[in-house]
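Here, each number is a calculation from the coordinates, and none is a lab measurement. Fair warning: this is a prediction, and the values are worked out from it, not measured in the lab. Counting neighbours? That spans all protein chains shown, and the Cβs are built from the backbone with ideal geometry, glycine included.
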Amino acid sequence: ILFMQIPTKIPTAKVIAAYGNKSKVARACGISPQAVIQWGEYVPDSRLYHIHYLLTQIDQAEPSRNHQ
């Protein structure tokens, strides 16, 4: 089993930038765009693991994008 260090806060803006827009973030999470709009400045604790996993997958697929 792979242990991942999960950050305690992930800025919502970082997630939106990685996906392109709120609708794409919502689709990736299986939630409505309205739910993403309600996140505020940071991803809610209940979504941290999932979002961290998704961002890790993007980084692995596109190594040149790693946290520019």
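The table for this structure:
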read-out	value
Candidate values (1) 1.42; (2) 1.06; (3) 0.97, label of the one derived for Cα Rg over 2.2 N^0.38 Å	(2)
Tyr42 long-range amide H proximity, modeled H, under 5 Å	Thr12
Assigned charges on the beta-carbon of Lys, Arg, Asp, Glu; the chain dipole about Cα centre (debye)	160 debye
Calculated [θ] (222 nm, deg cm²/dmol) that DSSP helices of n ≥ 4 give over the chain, each run adding -39,500 (n - 2.57)	-14500 deg cm²/dmol
Of the trypsin sites (Lys or Arg not before Pro) in the stretch 2-43, those whose Cβ has at most 14 other Cβ within 10 Å and which sit in DSSP loop	Lys9
In Hz, Karplus ³J(HN,Hα) per residue of the stretch 34-43 (6.51, -1.76, 1.60; θ = phi - 60°; x = Gly, Pro)	4, 5, 5, 4, 7, 4, x, 5, 10, 4
Mean Cα-pair separation over length for the chain, i.e. relative contact order, pairs under 8 Å, 6 or more apart, %	36 percent
